[in-house]
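As structure tokens, the structure follows; a few thoughts come after it.
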Amino acid sequence: MKRFTALYAAIDQTTKTSAKVAALAAYFEAAPEADRLWTIALFSGRRPRRAITTTKLRVWAAERAGIPLWLFEESYPIVGDLAETIALVLPPPGRSHERSLTGWIAYLRALDGAEEEARRAAVLDAWDQMDAAERLVFNKLLTGGFRVGISRKLMTRALGLATGQDEAALAHRLMGDWTPDSTTYRQLIEAPDAEAAQSRPYPFCLAYGIEEGPATLGAPENWRAEWKWDGIRAQVIARGGAHFVWSRGEELMTDRFPEFAHAADFLPGGTVLDGEIVAWDGAAPLPFNDLQKRIGRKSVPKTLLKSAPVILLAYDLLEENGEDLRALPFAERRARMDALMGALPKDAPIRPSPLIGFDEWEALAEIRSTARDMRAEGVMLKSAASPYHAGRKKGDWWKWKLDPLTIDAVMIYAQQGSGRRANLFTDFTFAVWNGNYLVPFAKAYSGLTDAEFRQITAWVRRNTQERFGPVRQVKPEHVFEIAFEGIAPSPRHKSGVALRFPRMKRWRHDKPLQEAASLDDLHEMLRQFG
Amino acid sequence: MVLQFKPQGIYCPAGDFHIDPWRPVDRALITHGHADHARPGHRRYLATDIAGPVMRHRLGEIDLDSIRYGEERRIGGATVSFHPAGHIPGSAQVRVEVGGEIWVVSGDYKTVPDALSTPFEPVKCHSFITECTFGLPVFTWPSETDAAREINAWWAANAAAGRFSLLGAYSLGKAQRVMSLLDADIAPILTHGAVENTNDILRAQGFDLPRTLHVTPDLKPKDHPGAMVIAPPGALGSEWARRFRPASTGFASGWMRMRGVRRRRSVDRGFVVSDHADWAGLNVAIKATGAENIYATHGYTDIFARWLRSEGYNAEALKTEFTGEALDAEGAE
């Protein structure tokens with residue numbers, strides 16, 4: 001654990017990517033294989049099952065620190081991280097230990113099913129053997145979530161450095177639903193493994209936004225355009241008589257979308273499609289709001305399958321007859337995909353996302369402006385010659401989104417952020433006028449600069465009218481332009497609407513409070529764009 | 001009441017004076033020279049003889065009377081005296097006695113001694129107005145030795161790798177405190193003008209500071225490989241700092257106890273060095289005054305006052321314009 005804690009500190013103590021990768025590569029060379037495997041798992045979001053509820057951890061930490069629970073609870077939002085708050089309030093350790101990372105994880109897992117008193121004693125005993133840095137890591141194991149400024153991409157690069165293996169091949173190996181229990185370091189990183197390979201998706205190729213429009217991309221004939229759908233990015237895999245549906249966040253969603261249950265029947269073996277899952281009304285996508293009802297459900301009731309059936313709008317073919325096509329030019333992959341789509345039965349829940357024909361960029365701009373009518377967010381531009389990159393790479397794929405909808409709203413509640421934004425007011429609730437009342441309709445926490453967040457934080461501290469736990473009601477004074485991607489009716493919200501991706505576009509210092517928008521304005525937007 | 005809380009700041013009716021007032025007043029008693037306590041525009045100032053020179057430097061031509069620690073002075077119907085607060089050189093708590101009732105205004109204070117400031121002394125009183133910048137149980141400071149070891153290890157590793165060490169520390173107090181922790185054998189210590197101005201004043205007063213080199217336009221960084229560069233936090237990301245490359249950056253503050261704040265600062269290293277009392281320090285100091293009534297100013301005042309009430313004090317939170325060791329204001333102290 002000391003080695004892992006040192007790694008954690010080394011990564012945490014630098015803002016330089018090269019230094020982080022170097023620290024991680026050195027760790028992968030030196031650590032025992034079991035620890036390496038757990039490290040890969042933790043840094044790719046695979047954490048051990050939570051053995052103890054965070055409620056219990058808070059109570060035990062406050063007891064051990066000799067402070068009342070309310071004081072612990074007040075301190076937590078200020079620190080912005082539970083694992084860290086616990087590490088900071090505990091008294092210095094009484095002794096030290098030599099247990100490894102894997103050893104501590106096993107220690108925690110052994111508590112599964114143990115009596116509460118035994119678990120409490122074990123956790124307190126563990127805390128008493130660790131310094132503050134180790135406690136933070138240990139508490140992170142307990143509470144889950146290992147976000148330390150190491151992206152998967154950086155971890156893969158470090159692993160490549162340490163093992164001498166190709167980064168893209170490693171990225172592919174790390175995909176899928178393996179756990180440290182289902183594999184070993186050797187199996188995962190070094191040995192060929194047919195069984196894991198069967199379900200494994202490819203790393204998704206991601207696009208950058210193109211704010212200024214496509215004029216600088218060169219000749220339009222070298223590019224292909226598609227609608228940018230507002231759904232769930234997914235790979236549908238048919239291999240060896242089985243099928244798998246993966247999200248971009250590498251979540252296996254096969255059971256969530258039973259519509260694809262027969263995919264293996266109509267897709268030839270060794271097929272991987274990339275596309276967007278959308279709720280479908282038979283001719284066009286339904287609003288994202290309908291798809292939302294399907295997300296987060298492990299099993300889907302029949303009524304929902306009827307009212308919001310999904311399909312895959314496919315836009316890329318990554319594997320055909322078991323052959324990896326990713327190195328081929330996009331135009332060729334697309335041609336192969338279209339041929340494959342032509343052979344599908346009419347009622348198959350998979351359709352090609354149509355290519356948009358255009359000769360000039362101006363013509364495409366015109367078409368893009370109708371995206372909302374198509375229930376799309378804008379258009380995608382893909383270089384005809386582009387391979388299917390692993391991850392985000394600038395140059396070949398671009399998303400050209402519509403300008404967001406905007407509305408001027410009044411800030412009425414503020415809450416402190418967490419992590420790097422702890423102790424700063426960054427989470428705000430916005431309202432519009434309904435007569436003389438302000439009706440809350442959206443929460444937003446991004447879009448301002450650090451300097452603006454500091455400025456508003458100082459203002460919030462001076463202008464708090466009332467507190468509700470961590471939430472502060474502030475004097476209605478500041479108007480912000482709120483940008484969002486879509487609007488839908490919502491009986492659960494006071495305002496009757498729910499926004500998609502609301503964020504602060506601009507702090508309207510120039511706008512008087514009374515000139516913020518009204519509830520009528522909001523409902524008019526719902527009528528027009530909902 | 002011996003002291004009252006007015007829009008101008010803390011006021012003593014019996015002596016007709018204010019303590020660390022925020023708006024211009026006739027007579028101001030100043031606990032120490034930091035900008036949120038020693039403001040311009042008052043007609044008459046009273047501060048300790050040790051705090052005087054820095055205040056003159058910062059506030060220009062002011063009518064400043066000075067007083068020694070422990071010396072009693074009669075102002076109108078009040079008797080006042082200044083007592084060491086351990087915050088920065090010359091910092092004081094102000095004791096005010098009227099008709100046998102004693103109030104103490106802590107100013108900013110630190111209970112653990114350092115190499116430069118006169119060590120904190122508890123003062124018995126009935127009512128204590130205490131700062132609580134770090135009034136949460138998560139704030140615990142490492143010992144002076146541990147802090148020094150950590151900073152010097154960072155510096156030595158940087159020097160060995162051919163990097164400069166760029167350390168952000170407020171120009172009055174923190175910068176000199178950090179300098180007193182440095183192992184001057186590692187490499188030269190360079191200073192930003194704002195820091196060096198304060199150094200000059202303190203040296204002239206007889207404070208023993210390590211040798212430093214003022215970074216002037218004609219100083220060539222490459223003549224001082226591995227140097228420790230001490231600058232106000234605001235200068236760290238500026239054009240000024242860019243001449244020192246490659247460099248590792250650090251920031252010395254009590255706030256560095258929290259990872260989130262450290263990451264927001266975008267510095268490589270955060271060192272927990274504060275001129276304020278930590279959680280234990282505040283609690284010990286308050287107990288030592290023997291006061292029944294506690295007023296909490298600047299910091300987590302609501303939470304801290306609630307804690308004190310649960311410990312049996314009459315405690316309330318005060319609204320102030322003091323910022324203490326400000327978390328996000330770039331120039332503040």
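The values are calculated or read from the model by the stated rules, or taken from the named source; none is laboratory data. Please read these numbers as outputs of a predicted model, since none were measured by experiment. We place every Cβ from the backbone using ideal geometry, glycine too, and count neighbours over all the protein chains shown.
General remarks:
- Residue within region A:59-70 that is away from chain B (no Cβ under 14 Å) and surrounded by fewer than 21 Cβ atoms within 10 Å (Cβ to Cβ) present: yes
- Region A:20-51, subset among the aromatic types (Phe, Trp, Tyr) and within 23 Å of the chain's Cα centre (by Cα), residue farthest from the other protein chains (Cβ to nearest Cβ): A:38
- In region A:349-366, the residues that are more than 29 Å from the chain's Cα centre (by Cα) and either loosely packed, with under 13 Cβ neighbours inside 10 Å or farther than 16 Å from residue A:382 by Cα (or both): A:357, A:359, A:360, A:362, A:363, A:366
- Residue check, residue A:495 in contact (Cβ under 8 Å) with a residue 24 or more places away in the chain, surrounded by 18 or more Cβ atoms within 10 Å (Cβ to Cβ) and among the polar types (S, T, N, Q): yes
- Residue ID - nearest to the other protein chains (Cβ to nearest Cβ), chosen from residues in region B:233-243 that are outside any helix (DSSP H, G or I) and surrounded by fewer than 20 Cβ atoms within 10 Å (Cβ to Cβ): B:237
- Just one residue in the set A:181, A:166 is surrounded by fewer than 19 Cβ atoms within 10 Å (Cβ to Cβ), within 25 Å of the chain's Cα centre (by Cα) and not assigned by TED's automatic domain parsing to the domain that holds residue A:238; that residue is A:181.
- Residues (out of contact with any Leu (no Cβ under 7 Å at 6 or more places or on another chain) and β-branched (Val, Ile, Thr)) located in region A:71-95: A:85, A:89
- Any hit, region A:82-89, residues being more than 14 Å from chain B (Cβ to nearest Cβ) and in a helix (DSSP H, G or I): no
- Odd one out for residue B:152 among (1) of a type in the set (S, T, N, Q); (2) out of contact with any Pro (no Cβ under 8 Å at 6 or more places or on another chain); (3) modelled with pLDDT under 95: (3)
- Considering A:177, A:181, A:166, the condition of being farther than 21 Å from residue A:253 by Cβ and modelled with pLDDT under 85 is satisfied by A:166 alone.
- Test: residue in region A:233-250 that is under 27 Å from the mean Cα position of the chain (by Cα), in a loop (DSSP other than H, G, I, E, B), closer than 21 Å to residue A:375 by Cα and at pLDDT 90 or above: no
- Residues of region B:118-139 satisfying the condition of being modelled with pLDDT of 95 or more, part of a loop (DSSP other than H, G, I, E, B) and β-branched (Val, Ile, Thr): B:118, B:123, B:138
- Note on region A:216-232: among residues that are among the hydrophobic types (A, V, I, L, M, F, W, C) and under 26 Å from residue A:176 (Cβ atoms), the one that is farthest from the chain's Cα centre (by Cα) is A:229.
- Restricting attention to region A:216-230, the residues being in contact with a Phe, Trp or Tyr (Cβ under 8 Å, 6 or more places away or on another chain) and of a type in the set (Val, Ile, Thr) number 0.
- Filter result (touching a strand residue (DSSP E or B) at 6+ places or on another chain (Cβ under 6 Å) and either free of Cβ contacts under 8 Å to residues at least 12 places away in the same chain or surrounded by 19 or more Cβ atoms within 10 Å (Cβ to Cβ) (or both)) within region B:21-46: B:21, B:25, B:27, B:28, B:29, B:30, B:31, B:42, B:45, B:46
- Condition check for residue B:115: within 20 Å of the chain's Cα centre (by Cα), of a type outside the set (Val, Ile, Thr) and not in a loop (DSSP other than H, G, I, E, B): no
- Candidates B:39, B:23: the one that is on the phi < 0 side of the Ramachandran plot and over 19 Å from the mean Cα position of the chain (by Cα) is B:23.
- Residue in region B:280-299 that is among the acidic types (Asp, Glu), away from every other protein chain (no Cβ under 14 Å), crowded, with 23+ Cβ neighbours inside 10 Å and more than 23 Å from residue A:417 (Cβ to Cβ) present: no
- Hits in region A:327-348 (condition: assigned to a loop (DSSP other than H, G, I, E, B) and closer than 17 Å to residue A:269 by Cα): A:343, A:344, A:345, A:348
- Qualifying residues in region B:263-277 (those that are charged (D, E, K, R) and out of contact with any Gly (no Cβ under 7 Å at 6 or more places or on another chain)) - the one farthest from the other protein chains (Cβ to nearest Cβ): B:265
- Residue within region A:105-117 that is more than 10 Å from every other protein chain (Cβ to nearest Cβ), more than 23 Å from residue A:4 (Cβ to Cβ), in a helix (DSSP H, G or I) and in contact with a strand residue (DSSP E or B) (Cβ under 9 Å, 6 or more places away or on another chain) present: no
- Among the conditions (1) surrounded by fewer than 16 Cβ atoms within 10 Å (Cβ to Cβ); (2) within 18 Å of the chain's Cα centre (by Cα); (3) not hydroxyl-bearing (Ser, Thr, Tyr), residue B:201 misses just one, which is (1).
- Among (1) assigned to a helix (DSSP H, G or I); (2) of a type outside the set (A, V, I, L, M); (3) at pLDDT below 95, the one test that residue A:27 misses: (3)
- Inclusion of residue B:230 among residues that are surrounded by 18 or more Cβ atoms within 10 Å (Cβ to Cβ) and farther than 29 Å from residue B:101 by Cα is warranted.
- Residue check, residue B:206 on the phi < 0 side of the Ramachandran plot, in a loop (DSSP other than H, G, I, E, B) and of a type in the set (Gly, Ala, Ser): no
- Matching entry among A:54, A:17 (being within 14 Å of another protein chain (Cβ to nearest Cβ), surrounded by fewer than 21 Cβ atoms within 10 Å (Cβ to Cβ) and touching a residue at least 60 places away in the same chain (Cβ under 8 Å)): A:17
- If you check B:168, B:107 for being under 19 Å from residue B:265 (Cβ atoms), surrounded by 24 or more Cβ atoms within 10 Å (Cβ to Cβ) and touching a residue at least 60 places away in the same chain (Cβ under 8 Å), only one passes: B:168.
- Filter pass, residue A:299 being surrounded by fewer than 13 Cβ atoms within 10 Å (Cβ to Cβ) and either touching a residue at least 40 places away in the same chain (Cβ under 8 Å) or charged (D, E, K, R) (or both): yes
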